[in-house]
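Quick notes on the structure that follows.
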Amino acid sequence: MGIDIQNLIFEFIGGLGIFLLGIKFMGDGLQKSAGDRLRDILDKFTSNPFLGVLAGMIVTMLIQSSSGTTVLTVGLVNAGFMTLRQAIGVIMGANIGTTITAFIIGIDIGEYALPIIAVGALLIFFFNNQKITAIGQTVFGFGALFFGLELMSSGMKPLRTLEAFQDLTLSMSEHSLLGVVVGTLFTLIVQSSSATIGILQGLYAEGAMDLDAALPVLFGDNIGTTITAVLAALGASVAARRAAGVHVIFNIVGTAIFLTLLVPFTHYIEFLQGALSLDEKMTIAFAHGSFNVFNTIIQFPFIGGLAWIVTKIIPGQDTMIEYKPQHLDPIFIQQSSALALDQAKAEIVRMGEYAHQGLEETNNYLTTNQAKHSDMAMQIEGALNSLDRSITDYLIDISGGSLSEFESEKHTILMDMVRDIERIGDHFENIIELIDYKISNKVVMTDQAQEDLNNMFDLTMSTVKQAIRALDKEDREEALAVMQKEDKIDKMERTYRKKHIIRMNEGICSVSAGIVFVDIISNLERIGDHAVNIAQGVLGEH
């Protein structure tokens, strides 16, 4: 018996490993071939929750992971692309989409797994084209998924004869809650509901388990699969934590509903099995699909309620960063280019305020080393890039009309300003990378260096703030004040650099700390230059 147990365990864990690798490869390959289109699908389709459900289904079918879709959605909610209500629809759809894996497994192509892997490998290794490699990766993952399943099920064959296992399944069919717990725990460990359901399909096909023991385990899998989203959301924004919370509540409520309806649900599945003459694996796939479809239909009308509950459970103010421009209405371009230019200016001021906020977050990150500040700053950087594109496109549209000399002068200045503000974002992104480097390599700054950085940061931040104020109010006084600050920033950078070289020579400060220090102050000095460019624009010099 001893050899069998070892064989059983090895084949099972090896098969599971190959299966999970296969799913990951398949998802990654599809994601590479679909690229940014996935985010676009989510962004476009989520205008109402029903379309959200469809988008969630489509994306999950593509990346083969409901948690993957939830994590993407959490990112979009975080970035202010999507409200919580829209996200709930997507998460419901993701639960339906994830059942596609079970249907794929139900089509028994296990014996062709190895040639499929070979085809995938061929495509990966013999073509230099990224598209083909991505397709190869998908095919390889698809084959590996089946190969892993075959190994797992051949490992599980002897299970039916094990007495301990028979006792377990027997008590699972008597106490359905036990099944739910087993399913949840197993999925928590493996982090993939598809894998647990694949195993269930195998066990049920081998006759090692009855339907009434298998169904509760299936419900538990759906709870277990929410762990990935929960882990992804732990450090994230309030909105992201809420989206993950919805995922958990949705699946727990669904399981509760179906446990009370277990007897009719089992009859319904047995009826399907007979009516469509399904084999064992397909029966489980249909059960999994039905559970998620019914669950979505039942809970869909209560999306508002779900959003309300989760807002109560996870309180807090949402720090939303609006990626979408608020002032750029194309109507103005036809009506009057002067008005349209004012709109563009208002949006540039908003963008400038974001740049200042990003600098503050970067400074907080430098002093506290807390990741939430760098996440926030990087989100703002993303918003700056997005606004840069929108405003530039809007300005280009304006220049299509006829502009007076004064207007076209103003137009040129605004074009330059957008670029300056976007560059400020790039510079604080550089600083964040430097701070990341400092943290991961445990670089220690001297107190003096830290103080110098703080002074330089304060000066730079107030310069940027003043430049944006000058632009907003078209205030020449403020703009002139910014010009004077520029000298101060340049002098400060030179002085600090010198002081720093002295520290290096005296051996008070390490080389790596020195590199980080010099790079941060030179990025700050460049930010100062961009602020001055904005002030010059206000003064009409450029």
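Pop a pseudo-label 7 angstrom from the Cα along the beta-carbon direction at both Asn128 and Asp279 and give the gap in nm to one decimal.
Between Asn128 and Asp279, the simple spin-label model gives 4.4 nm.
What net charge is computed for the residues neighbouring Asp490, neighbours being all others with C-beta under 14 Å from the C-beta of Asp490, Lys and Arg scored +1, Asp and Glu -1?
+2
How large is the accessible surface of Lys157 in square angstrom, using a 1.4 angstrom probe and rounding to the nearest 10?
110 Å²
For the stretch 335-376, what is the convex hull (Cα atoms) projected area averaged across all directions, in square nanometres?
3.1 nm²
Around Asp212, with a cut-off of 11 angstrom between Cβ atoms, what is the net charge of the other residues, counting Lys and Arg +1 and Asp and Glu -1?
That works out to -3.
So between Thr311 and Leu339, what do we pick up on full extension, going 0.36 nm a residue minus the alpha carbon distance?
6.1 nm
Residues of the stretch 376-444: accessible area per residue at 1.4 Å, in Å²?
Per residue, the stretch 376-444 has an accessible area of 46 Å².
Asp475 to Ser399: FRET efficiency via 1/(1 + (r/R0)^6), r the Cβ-Cβ distance, R0 25 Å, to the nearest 0.05?
With a Förster radius of 25 Å, E is 0.45.
May I ask for the angle, rounded to the nearest 10°, between helix 113-126 and the longest principal axis of the chain, with both axes built from Cα atoms and the value confined to 0 to 90°?
Around 20 degrees separate the two axes.
Which whole-number percent is the relative contact order of the stretch 250-402 (Cα, under 8 Å, 6+ apart)?
21 percent
Could you state the per residue volume, in Å³, of the convex hull enclosing the Cα atoms of the stretch 491-542?
60 Å³
How much solvent-accessible surface does Leu177 expose, in Å² to the nearest 10, with a 1.4 Å probe and all protein chains in place?
110 Å²
Can you tally the net charge around Gly304? Count Lys and Arg as +1, Asp and Glu as -1, for every other residue whose Cβ sits under 14 Å from the Cβ of Gly304.
The answer is +3.
Given a Förster distance of 35 Å, report the FRET efficiency between Glu111 and Thr83 from their Cβ-Cβ distance, rounded to the nearest 0.05.
0.15
Using only the alpha carbons of the stretch 439-542, what is the convex hull's orientation-averaged projected area in square nanometres?
One quarter of the hull surface, i.e. the mean projection, equals 6.8 nm².
Quote the accessible area belonging to Arg389 in square angstrom, nearest 10, computed with a 1.4 Å probe and with ligands, DNA and RNA left uncounted.
Approximately 150 Å² for this residue.
Based on the Kirkwood radius over alpha-carbon pairs, what value in µm²/s does the Stokes-Einstein equation return for the translational diffusion coefficient of the chain at 10 °C and 1.306 mPa s?
59 µm²/s
Leaving out ligands, DNA and RNA, and with a 1.4 Å probe, what % of the accessible surface on the chain is carbon or sulfur?
The C+S portion of the solvent-accessible surface of the chain is 61 percent.
Over all directions, what mean area does the Cα convex hull of the stretch 198-278 project, stated in square nanometres?
6.3 nm²
Once you put a point 7 Å from the Cα of Leu231 and another 7 Å from the Cα of His175, both along the Cβ direction, what distance in nm separates them?
2.8 nm
Taking θ = phi - 60°, what integer Hz values does the Karplus form 6.51 cos²θ - 1.76 cosθ + 1.60 yield along the stretch 10-21, in sequence order, with x for Gly and Pro?
Running phi through 6.51 cos²θ - 1.76 cosθ + 1.60 with θ = phi - 60° gives 4, 5, 5, 6, x, x, 4, x, 5, 4, 5, 4 Hz.
Tell me, what is the Rg over Rh of the stretch 342-452, with Rh the Kirkwood radius over Cα pairs?
Rounded to two decimals, Rg over Rh is 1.14.
Mind checking the per residue accessible area of the stretch 493-542 for me, 1.4 Å probe, whole number of Å²?
Per-residue accessible area for the stretch 493-542 comes out at 46 Å².
In whole Å, what are the extents of the stretch 250-349 along the principal axes defined by its C-alpha atoms, from largest to smallest?
Principal extents (largest minus smallest coordinate, Cα): 72, 34, 21 Å.
With each label point set 7 Å from Cα along the Cα-Cβ vector, what nm distance links Val263 and Val511?
Between Val263 and Val511, the simple spin-label model gives 7.8 nm.
The values are calculated or read from the model by the stated rules, or taken from the named source; none is laboratory data. Everything numeric here is computed off the predicted structure, so don't read it as measured data. With ideal geometry, Cβ positions are generated from the backbone for all residues, glycine too; neighbour counts draw on all protein chains shown. Side chains are part of the model used for accessible areas, which takes the heavy atoms of the whole protein and leaves out ligands, DNA and RNA. Shrake-Rupley method; radii C 1.70, N 1.55, O 1.52, S 1.80 Å.
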